[in-house]
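Here the structure comes first, spelled out in structure tokens, and everything after it is commentary.
Here, each number is a calculation from the coordinates, and none is a lab measurement. Because the structure is a prediction, the values reported are computed rather than measured. Virtual Cβ from ideal backbone geometry, glycine too; neighbours counted across all protein chains shown.
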Amino acid sequence: MKDIDVYAFVGPSGTGKSYRAQMVAGEYNIKFIIDDGILVKDNEIAAGSSAKKAPTKIETIKKALFINESQKKEMVKALKKYKPQSILILGTSDKMVEEIARNLELPQIKKTIYITDVATEEEIKNAKRMRTVEGKHVIPVPTFEIKKDFSGFLLDPLQIFKTKSDGSAPYISEKSIIRPTFSYIGNFTISDTVFRQIIEYLATKNDAITEVLRVRVTKSEEGPSIYVEVEIQYGINIMSELKIFKEKCIKEIERLTTMNVRSFKIIAKKLKLPNIVNSFDK
């Protein structure tokens, strides 16, 4: 990896580096970015997992510096696989980006770009407000790329129209806004009751489902696994209606809780039979 041109993008925490990372990379024709523990290639995560997912700020720093041996090996392996001609490393200081380059066995940094080179004082001030007041962080990849890794985090897509300095057609750069677990605005949890209430409410809007009999939720870092038993109306296409209800439940649970539903199993446990009145001739 001695032939890689290493660039650094440096600025204090919360000043908008991740927001502007792709713009800076584009200016120098750089296809690969290392930001907070992940390797980004062409707007997709190529390796690693975001340090912003770490439970504490100290763990976040350790992950961003690739101090963990297994994490370091994974990233070095990816760099050897992709063989980038150049790479952009994001960090809060010159010392930090130098340590990242050293830990990943990369050459010395060729050029350092500072946040003050590409952002105005007002833009940096707004970025800091977004971090400290709203607890939001930006990751330079689309939301669908990180959804599974950040199940339960507050996620928002961020699309930015950009023009290139060479006068070619503008392009859209999509990023994701998250609130990490150590956010200053505090943690949040979602009770199993919430999942049941969402499912029960959706059942009232579905004529085929007459009752939700049981909901079991098993949570993991990747998201909840949900098991549902229902009573279903007699005379309808059971498989078709269960499929429709399942898809609706997954969509609404993910929308309302920001969690990635890992699995959703639904079983028709009972049939709702029509009322039959028996009459006997006397």
Worksheet item: Non-local amide H neighbours of residue 9 (under 5 Å, H modeled in plane, Pro and chain starts lacking H): which ones?
Response: 89, 90, 91, 113
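Hey, fewest Cβ within 10 Å first, where do 90, 104, 271 land in order?
Numbers: 90 25, 104 21, 271 13.
Going from sparsest to densest Cβ surroundings: 271, 104, 90.
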Discussion item. Starting from the 7 Å offset along Cα-to-Cβ, what nm value, one decimal, do you get for the label separation of residue 77 and residue 110?
Written reply: 2.8 nm
Discussion item. Neighbour counts of other C-beta atoms within 10 Å: give me 106, 88, 213, 273 arranged from fewest to most.
Written reply: 273, 213, 106, 88
Practice prompt. Find the centroid of the Cα atoms in the stretch 8-38 and in the stretch 68-107, then give the distance between the two in whole Å.
Written response: 13 Å
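Once fully extended, how much extra length lies between residue 61 and residue 207, figured as 0.36 nm per residue of separation less the alpha-carbon to alpha-carbon distance? Mind dumping the intermediate values first?
Numbers: separation 146, 0.36 × 146 = 52.56 nm, distance 5.20 nm.
Full extension of this stretch gives 47.4 nm more.
Return the subset of 77/125; 73/265; 77/248; 41/125; 41/251 for which the Cα-Cα distance in this structure is over 31 Å, preserving the input order. Please list the in-between numbers first.
Values: 77/125 38 Å; 73/265 37 Å; 77/248 40 Å; 41/125 29 Å; 41/251 29 Å.
Where the Cα-Cα span goes over 31 Å, the pairs concerned are 77/125; 73/265; 77/248.
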Discussion item. What are the ³J(HN,Hα) couplings of the stretch 36-47, residue after residue, when phi is run through the Karplus curve with 6.51, -1.76, 1.60 and θ = phi - 60°? Round to Hz, x for glycine and proline.
Written reply: 6, x, 10, 9, 9, 10, 6, 6, 10, 6, 8, 6
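Please label the shape of the stretch 185-257 as rounded, prolate or oblate, based on the square roots a ≥ b ≥ c of the eigenvalues of the alpha-carbon gyration tensor (a/c under 1.5 means rounded; beyond that, a/b larger than b/c means prolate, else oblate).
Values: a/c = 2.30, a/b = 2.27, b/c = 1.01.
Note, shape of the stretch 185-257 comes out prolate.
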Discussion item. 5 Å is the cut-off here: which amide hydrogens, built 1.01 Å from N in the peptide plane, fall below it relative to residue 266, excluding neighbours closer than 5 in sequence?
Written reply: 228
